[in-house]
Amino acid sequence: MYPKLKVGVAGNFDSKMKGDCKVQIEICNSGGIDLELHSKVKAFYNNSINDLVRKMASYFSVQHALVKIWDNGALEYVLAARIEAAIKQVITSTKDYLLDCISRTDIATDRERFRMSRLYLPGNIPYMMINAGLHKPNGIILDLEDAVALEKKQEARFVVRNALRSQNFYGAERMVRINQGELGMEDLNFIVPHSVQLILIPKCESQKELVKIDAKIRQLKEDNNISNDIFLMPIIESALGVENAFDIAKASSNIVAMAIGLEDFTADIGVQRTYTGDESLYARIRIVNACNAANIQAIDSVFSDVEDMVALAKNVKVSKALGFKGMGCIHPRQIKVIHENFAPNNNEICKAMKIVNAYYKAQKKGLSIVSLGSKMIDPPVVKRQLKILELAIRLGIAPKNWRETYDSKND
């Protein structure tokens, strides 16, 4: 018999939700650590789960407890996150139980990397995080904001922290969307020291909040001896945010992109979001203009219909035509469509090669003016074509050494 003093519960258990577990911890007066494991794979993993429970109990100085775990194939990083979240409901501790960082988390990011696609994953549903990078999104967003219920946010932080440290993102940029206000400031403690590469800040309306977040990140980096870049992506989701877009884009040198969230924006101005996007055209153009003025990437909103790939393709083409460099996605099947339609097409690549080749030939002759046939090419046009060609080369759809054979093929 266990004289119960306190109970902590964390996690999810549902026969349809694989890769997770529910942990219940009852602090007791005696009896040591007793594990009651309910799992279809108990015969295989009872010993390893038992070892983890005892190791973590010892780490947090828990001497007597009844631990009940309902497991549905949770990996170690999930089990550890759920156990720690439950323990910290019944004891006070400033210690963190950290899994080793895998070497893959050392892959660096940079300001100019592609962000054509970023895949949102709910921060409290860990099975979606396993191997998500195999779908080849440019970025994976572990979402602590809208995708997590208020009462689950604290335990989701442990899952996201452990995922950042332990999971292979297969080259995708490791992103986290934090909460607003003080919840978001607390989120930073769980992600900044643990290999996050880009942080999305939702519902931005002024420079003030960015400055505050930037200062805390700097302090956390200093406290944890972190030298790696941690970039920021504000999300504009209101009429006020749109009007302040340029000031927000210039709030920090760590801002590399700015996104627009159209679900919240259209709700804020009191209209229905449509496939055509006419109701948000002004806002989207303002975001693109502010981003280009601040020399950062403009990122479009998610497309919420995960079944209609034709409508998605049309939406991406409009987004690209407006000047956006990428958009969010909420299902892996959207990634390929987004990449294909943001990438330069063959006509765009051929045109860029022709203009850029003429530009280099003019430079070689010492000419400041670029001409193509009877047309004079302005410098801004050359600059735009250089960017298109650079993108095509980086995507692997144009050869890096194309100029070596270009003249002979096009004489």
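Could you compute the net charge surrounding residue 79? Neighbours are other residues with a C-beta less than 10 Å from the C-beta of residue 79; K and R count +1, D and E count -1.
Counting the neighbours of residue 79, the net charge comes to -3.
Picking from 246, 287, 401, whose Cα lies most toward the positive end of the charge dipole for the chain (charges on Cβ: Lys, Arg +1; Asp, Glu -1)?
Result: 401.
Consider a paramagnetic label point 7 Å from the Cα of residue 100 along Cα→Cβ; state which residues of segment 63-80 have an amide N under 17 Å from it.
What the label zone holds, given the 17 Å backbone N cut-off, is 76-78, 80.
Between residue 111 and residue 378, what is the spin-label point distance in nm, taking each point 7 Å from the Cα along the Cα→C-beta axis?
2.6 nm
If I stretch the segment between residue 91 and residue 154 completely, what's the gain in nm (0.36 nm per residue apart, minus their alpha carbon distance), one decimal?
Result for the pair: 21.2 nm of gain on full extension.
Can you give the angle from 0 to 90° between the axis of helix 42-59 and the longest principal axis of the chain, with both taken from C-alpha atoms, to the nearest 10?
Its long axis makes an angle of about 90 degrees.
First compute the accessible area of segment 67-202 with a 1.4 Å probe, then give the percent of it belonging to carbon and sulfur atoms.
On the way: 2390 of 4770 Å².
Taking all protein chains in place, segment 67-202 shows 50 percent carbon and sulfur surface.
How many percent of Cα pairs in segment 264-411 exceed 18 Å?
I get 65 percent for the Cα pairs in segment 264-411 exceeding 18 Å.
Accessible area of residue 111, 1.4 Å probe, to the nearest 10 Å²?
Using a 1.4 Å probe on the heavy atoms, I get roughly 90 Å².
Just how much of residue 101 is accessible, in Å², when a 1.4 Å probe is used and the result is rounded to the nearest 10?
Here the residue's solvent-accessible area equals roughly 60 Å².
Specify which labelled value, from (i) 1.03; (ii) 0.95; (iii) 1.06, agrees with Rg/Rh (Cα atoms, Kirkwood Rh) derived from the coordinates of the model shown.
Given (i) 1.03; (ii) 0.95; (iii) 1.06, the calculated one carries the label (iii).
Could you sort 26, 182 by accessible area so the largest value comes first, with the probe set to 1.4 Å?
Largest accessible area first, the list is 182, 26.
I'd like the accessible area for residue 14: 1.4 Å probe, protein heavy atoms, all chains in place, Å² to the nearest 10.
Number for this one is 70 Å².
What is the set of long-range amide H partners of residue 28 at a cut-off below 5 Å, with H atoms built 1.01 Å from backbone N?
The answer is 64, 65, 66.
Please give the length that would be gained between residue 400 and residue 348 if that part of the chain were fully extended, namely 0.36 nm times their separation in residues minus their C-alpha to C-alpha distance (nm, one decimal).
17.1 nm
What pairs from 68/221; 18/320; 16/336; 42/88; 221/314; 18/317 go past 32 Å between their alpha carbons?
Cα-Cα > 32 Å for 68/221; 18/320; 221/314; 18/317; rest within.
Would you list 13, 324 from the most to the least accessible area, probe 1.4 Å?
13, 324
Hey, what do the phi angles of segment 400-405 turn into as Karplus ³J(HN,Hα) couplings, whole Hz, using 6.51/-1.76/1.60 and θ = phi - 60°, x for Gly and Pro?
Using θ = phi - 60°, the values come out as 5, 9, 4, 6, 5, 10 Hz.
Is there a quick way to get the dipole size of segment 59-126? I mean about its Cα centre, with the Cβ of Lys and Arg at +1 and of Asp and Glu at -1; what is the value in debye to the nearest 20?
Numbers: 9 positive and 8 negative charges, 51 e Å.
Dipole of segment 59-126, to the nearest 20 debye: 240 debye.
Measuring from label point to label point, each 7 Å out along Cα→Cβ, what is the residue 393 to residue 61 span in nm?
Result for the modelled spin labels: 6.0 nm.
Suppose every K and R has +1 on its Cβ and every D and E has -1 on its Cβ; what is the size of the dipole of the chain about the Cα centre, in Debye to the nearest 20?
The dipole of the chain has a size of about 1280 debye.
Averaged per residue, what accessible surface does the chain expose to a 1.4 Å probe, in Å²?
49 Å²
log₁₀ I(q)/I(0) of segment 333-373 at q = 0.35 Å⁻¹, via Debye over equal Cα point scatterers, no solvent, to two decimals?
Rounded to two decimals, the profile gives -1.06.
Among the lysines, select those whose C-alpha is under 17 Å from the C-alpha of residue 375, and discard any that sit fewer than 8 residues away in the same chain.
Within the straight-line cut-off, residue 375 pairs with 351, 354, 361, 383.
Using alpha-carbon pairs under 8 Å, 6+ residues apart, how would you state the relative contact order of the chain in percent?
Value for the chain: 11 percent.
Which one of 101, 126, 193 is farthest out on the positive end of the charge dipole of segment 87-213, using unit charges on Cβ (Lys, Arg +1; Asp, Glu -1) and the Cα centre as origin?
101
Rounded to whole Hz and in sequence order, give me ³J(HN,Hα) for segment 169-185 from the Karplus expression 6.51 cos²θ - 1.76 cosθ + 1.60, θ = phi - 60°, writing x for Gly and Pro.
Once rounded to whole Hz, the list reads 8, 6, x, 5, 5, 8, 10, 9, 9, 8, 7, 7, x, 5, 4, x, 5.
So if each residue of separation counts as 0.36 nm, and I subtract the Cα-Cα distance between residue 263 and residue 313, what length gain in nm does that give?
Answer, rounded to one decimal: 16.1 nm.
Expressed in nm², what is the orientationally averaged projection area of the convex hull enclosing the Cα positions of segment 316-401? Write down the numbers at each step before the final one.
Details: hull surface 26.2 nm².
Value for segment 316-401: 6.5 nm².
The values are calculated or read from the model by the stated rules, or taken from the named source; none is laboratory data. Note that the structure is predicted; figures quoted are calculated from it, not measured. Using ideal geometry, Cβ is built from the backbone for each residue, glycine included, and neighbour counts are taken over all protein chains shown. Note: areas computed on protein heavy atoms with side chains; ligands, DNA, RNA excluded. Shrake-Rupley method; radii C 1.70, N 1.55, O 1.52, S 1.80 Å.
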